[in-house]
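Here is the structure we will look at, set down as structure tokens.
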Amino acid sequence: MKFKLRKLIRKFGQPIRIYDGSRVTDGTTNAMGEFIPTKSDGKPYVEDTEPIIPTSGANIFADNLNALAGGLVENYSAVWYSKHDVEEGTVVSVVRADGTEKKFEVSKKSDYGPIADIKFYYLQESDQHAANI
């Protein structure tokens, strides 16, 4: 039995933008070897309506450390439920009512296609990467 979650994605979605070919690590180096990031502004994107849910109600869209088995820790701010297939590092943004955007980086991907026909992406909003996205 396969869960049909695509209908729920449409029902509970919000406007988002998925930047094509845009990665947080994109950029070049100058003559002194300093990294100069390429921002996602002005790059092509795909608009859709899908849910991005914060991981904590107390600190909405703040980075959270999530403990895993064996003492490992994951750092992500939100979970994106999607029918799209994107790579880690892809820039995704939530489009607010006033037209501004809140940008995130895909930090981890979980494919639930065999049981639920969607993918879960763990998104990171990090001050370290804020200038790059």
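Over 21 Å between Cα atoms, which of Lys43/Lys103; Lys7/Lys108; Lys83/Lys103 qualify?
The pairs that break the limit, which is 21 Å between Cα atoms, are Lys7/Lys108.
Using per-residue counts of other Cβ atoms within 10 Å, averaged over each peptide, order 100-111, 43-54 from highest down. Mind dumping the intermediate values first?
Values: 100-111: 17.6, 43-54: 15.2.
Packing order, densest peptide first, comes out as 100-111, 43-54.
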Which FRET efficiency value, to the nearest 0.05, do you get for Tyr112 and Lys43 by plugging their Cβ-Cβ distance into 1/(1 + (r/R0)^6) with R0 = 35 Å? 0.80
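Read-outs: derived from the displayed coordinates by stated rules, not from any lab. Bear in mind that the values here come from a model prediction, so they are computed numbers and not experimental data. Here the Cβ is made from the backbone with ideal geometry for all residues, glycine too, and neighbour counts use every protein chain on show.
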